[in-house]
1. Is it true that residue 23 is in contact with a helix residue (DSSP H, G or I) (Cβ under 9 Å, 6 or more places away or on another chain), of a type outside the set (D, E, K, R) and either at pLDDT 95 or above or closer than 30 Å to residue 226 by Cα (or both)?
2. Could you tell me which of the residues 330, 260, 240 is part of a helix (DSSP H, G or I) and either surrounded by fewer than 20 Cβ atoms within 10 Å (Cβ to Cβ) or among the charged types (D, E, K, R) (or both)?
3. How many residues does region 218-237 contain that are within 16 Å of the ligand (Cβ to nearest atom) and either part of a loop (DSSP other than H, G, I, E, B) or over 21 Å from residue 289 (Cα atoms) (or both)?
4. Checking the conditions here, which among 338, 348 is at negative phi, part of a loop (DSSP other than H, G, I, E, B) and either of a type outside the set (Gly, Ala, Ser) or exposed (fewer than 12 other Cβ atoms within 10 Å of the Cβ) (or both)?
5. Can you name the residue in region 166-183 that is farther than 18 Å from residue 215 by Cβ and outside any strand (DSSP E or B) and is also nearest to the ligand (Cβ to nearest atom) among such residues?
6. Restricting to region 106-131, count the residues that are closer than 12 Å to residue 165 by Cα and over 24 Å from the mean Cα position of the chain (by Cα).
7. In region 184-217, which residue that is away from the ligand (no atom under 14 Å from the Cβ) and without any contact (Cβ under 8 Å) to a residue 24 or more places away in the chain is surrounded by the fewest Cβ atoms within 10 Å (Cβ to Cβ)?
Amino acid sequence: MRGWMGKFRSLFLFGTLALILSGCGQENLSALRPKGYGADLIFDLMMISIAIMIFVFIIVMAIYAFVLIRYRQKKGDEDVVPKQVEGNKTLEIIWTVIPIILLLVLAVPTVQATFDLADQSTQGDDGVLTVEVTGNQYWWHFNYQGEEVSTSQELYIPVGERVYLDMKATDVIHSFWLPSIAGKMDTNPGENINTMYLEAYEEGVYWGHCTELCGPSHSLMDFRVIAVSPEKFEQFKEDLRNIDPEAEPETSTAQEGQDLFNNNCMSCHAIGNAPMGVGPNLSNFANRERIAGILDPTQENLTDWILNPDEYKPGNKMPAVFEGEQFADLTKEEKRDQAEKIAEYLLQLDHSDVGVDAPTQSEN
Ligand SMILES: [Cu+2]
């Protein structure tokens, strides 16, 4: 057993590692499966550098093996000191020129891609959308410039079109990373606006993360980009423009929930088009893939979130409203009851059913 296992141990190790790492190729969450223009450029660069590395590795290993075998000490040669050589001009030139060539092969496409990714030549042109992206601890806001439309946590874009993002942050530095569509870009507090663009090849729900350590809930600062056909995108904007925040929900519990929401939550949350508030815009909330970027959109999860947001995202800026003074008289059950009504109200805010037909959700 031991001998057999021993021989194959490293093979097992590498096999297991390969199996684990294959999870890194997660659909719509991976730079290794590019589905947009920027991600494509970056993927090609990775491939070029990996190819060069493999080439160098093989050559070096071949020479290494050759020297080991060819110049090893042979029986009877124990006292022989071989001829000492140094400073072979031809060799010196070869191993200086080859790395220069390899670096050039790497540098030219890298510089090209860098400029290509920073291109802003069509920004502001007719029909070219710019979205203002704002990073907040721990959520994202998207304002579709000149469209009177804004969303939080989920950004809708038309497929096949270049969409520019003008990015900033309100509190600390965040970083917007959408691996399968584009690269990543920091969002800074202050006047400094960073710009990048997205161009998705196919319809889908693409997952993004904040990649700049920004506080205790940094790792939970997820967002999604939803690429739909240009026709659906027009429809989506139209739907969102026409939201009436005062519209009466159908059931009486949801109506009670609406009153509770208007009295206790509206100071931070908007429904319909509004400037960015203290909390996410909840227009179209029922169509969210996740609550607060992370929880499955069920009424139970939403109730739990409303009662104690800090349990799910430590340090986030939403207070446990029902722990406030105005609810001091309520029992635990009564609080839950009221939160449930709000949840019912929020989960019927499906003001636009525009989405991708086959949801391509990734599991975290
Ligand atoms: Cu962040």
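1. No, not satisfied.
2. Numbers: 330 fails: part of a helix (DSSP H, G or I); 240 fails: either surrounded by fewer than 20 Cβ atoms within 10 Å (Cβ to Cβ) or among the charged types (D, E, K, R) (or both).
The match here is 260.
3. 1
4. Result of the check over 338, 348: 348.
5. In this case the residue turns out to be 178.
6. The number of residues fulfilling the criteria is 1.
7. Checked region 184-217; the qualifying residue surrounded by the fewest Cβ atoms within 10 Å (Cβ to Cβ) is 191.
The values are calculated or read from the model by the stated rules, or taken from the named source; none is laboratory data. Every value quoted in this text rests on a predicted model; they were computed, and no experiment measured them. Neighbour counts are summed over all protein chains in view; Cβ atoms, including those assigned to glycine, are modelled from backbone coordinates with ideal geometry.
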